[in-house]
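The values are calculated or read from the model by the stated rules, or taken from the named source; none is laboratory data. Every value quoted in this text rests on a predicted model; they were computed, and no experiment measured them. Cβ sites come from the backbone with ideal geometry, for glycine too, and all protein chains shown count toward neighbours.
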Amino acid sequence: MALATRTDRRPSLARTVWDSTVGKKTVMAVSGFVMLLYLVAHMIGNLKIFFGPEEINHYAHWLRTVGEPFMHYEWTLWLIRVVLVVAVVAHATSAYQLSRRDIRARPTKYANRKAGRSFATRTMRWGGVILGLFIVWHILDLTTGTVHPGGYEHLHPYQNIIDTFSTWYGNVVYIVAVVALGFHVRHGLWSAAQTLGVGSRSRDRALKTVANVLALLLTAGFVAVPVGVMTGVVS
Ligand code: HEM
């Protein structure tokens, strides 16, 4: 009786999908979509700052009690955090592996390395790195308070946000990140639609418009907060 050797074993379906280029692109699209849903909700939640401290501080409390009594305090929030971490890791890993594959697949090396990559590809890569660094800084600023410029107070986002946007560097970091986010979402949505095979000319045009409008709304919604603090509308 022949024993099964390592080479006889068939790879699992998940492995086959993950190893294929289209599989990695699908992972990018789905994880990107999950993060986008979170960001739309986060942007809308942040706008509560324009309705006063009670409204946004109460919202921070609600985020921790949602699902009670079935869920314990903060369980839903932790569930969302786990989903987000999985999405970020899947998105970044597939992006990195696709870019390695892209470099290996080139028959000749470009004399000028930059000439081989499109503007969009470079923008997506650098945009992704900027956003990754921003998220780490942002959590240390407004979730843990580690690098927060004022006396950070847990469950008091109103004052915490004002403290952050009362510094010049807080405004610069947030606005640069949010503009990078707008470009990333715009191109990402467009690429995702192509990966998932939407493509007909009229639908492509409609999709480009949706991607532009969504990226613009997201950027404007996030930028409104630092601008609100800088102009004294929120104080
Ligand atoms: C002006 C723009 C933004 C403001 C004012 C803002 C505000 C906040 C605040 C106050 C928190 C803490 C919430 C709490 O603990 O109750 C938070 C958490 C967070 N924000 Fe933002 N945010 C902004 C933009 C962004 C962007 C652009 C991203 C992602 C690209 C992002 C991702 C996150 C994440 C991942 C958390 C951690 C959530 C958690 O696990 O507690 N935020 N944000």
Revision key, fill the gap. Across region 143-163, the tally of residues that are among the aliphatic types (A, V, I, L, M), more than 10 Å from the ligand (Cβ to nearest atom) and farther than 17 Å from Tyr174 by Cβ stands at 0
**Study point:** Conditions (1) of a type in the set (S, T, N, Q); (2) touching a residue at least 40 places away in the same chain (Cβ under 8 Å); (3) under 18 Å from Ile56 (Cβ atoms): number failed by Asn160
**Key:** (2)
Revision key, fill the gap. Within region 180-194, residues without any contact (Cβ under 8 Å) to a residue 60 or more places away in the chain and near the ligand (Cβ under 10 Å from one of its atoms) come out as Ala180, Gly182
Review point. Looking at this structure, is Ile130 assigned to a helix (DSSP H, G or I), more than 23 Å from Tyr59 (Cα to Cα) and within 11 Å of the ligand (Cβ to nearest atom)?
Key: yes
Practice item. Could you grab the pairs with beta carbons closer than 8 Å, sequence gap of 6+ or different chains, first residue in region 1-30 and under 19 Å from Val88 (Cα atoms) and at pLDDT 90 or above, second one surrounded by 14 or more Cβ atoms within 10 Å (Cβ to Cβ) and acidic (Asp, Glu)? Key: none
Point to revise | From Val34, Val86, Val22, residue being surrounded by fewer than 14 Cβ atoms within 10 Å (Cβ to Cβ), closer than 22 Å to Phe134 by Cβ and β-branched (Val, Ile, Thr) | key: Val86
Practice item. List the number of the failed condition for Ala95; all other conditions in (1) part of a helix (DSSP H, G or I); (2) modelled with pLDDT of 95 or more; (3) of a type in the set (A, V, I, L, M); (4) out of contact with any Pro (no Cβ under 8 Å at 6 or more places or on another chain) hold. Key: (2)
